[in-house]
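Trainee: Mind looking over this structure? Questions follow.
Quick note: the coordinates plus some simple rules give every number you see, no bench work behind them. As the structure is a prediction and not an experimental result, all values here were calculated from the model.
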Amino acid sequence: MVNITYFKNVIPKEDYILIIIFDNDCELQFPMSNFISQFRFSPLQNINVWNEVEVFPTHLEWNKGSFQVTLNIEEAYPNYYKK
């Protein structure tokens, strides 16, 4: 039997750490400070964009910046999805 985990909720903290809660009630503190220096995540440097994260079962989205930013569940929880 395959047990699949999804995003349930996320809390963006001021120090660019995401508190991610999965549907199995596991909680992960995910530091994004190294990511936001990459072009792909650069809109998140604006704290107003950072705080406007939307939760979907398989990814997180920020749509308020100059372009959409997504973080897939495999990137946030890589050990779980590693085969």
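Trainee: Report relative contact order for the range 1-76 in percent, whole number only (criteria: Cα-Cα under 8 Å, sequence separation at least 6).
Mentor: After rounding, I find 24 percent.
Trainee: Here is a follow-up. Tell me which label goes with the value of semi-axes √(5λ) of the Cα gyration tensor in Å computed from the coordinates here: [x] 19, 17, 11; [y] 22, 12, 12; [z] 26, 15, 10.
Mentor: Derived directly from the coordinates: [y].
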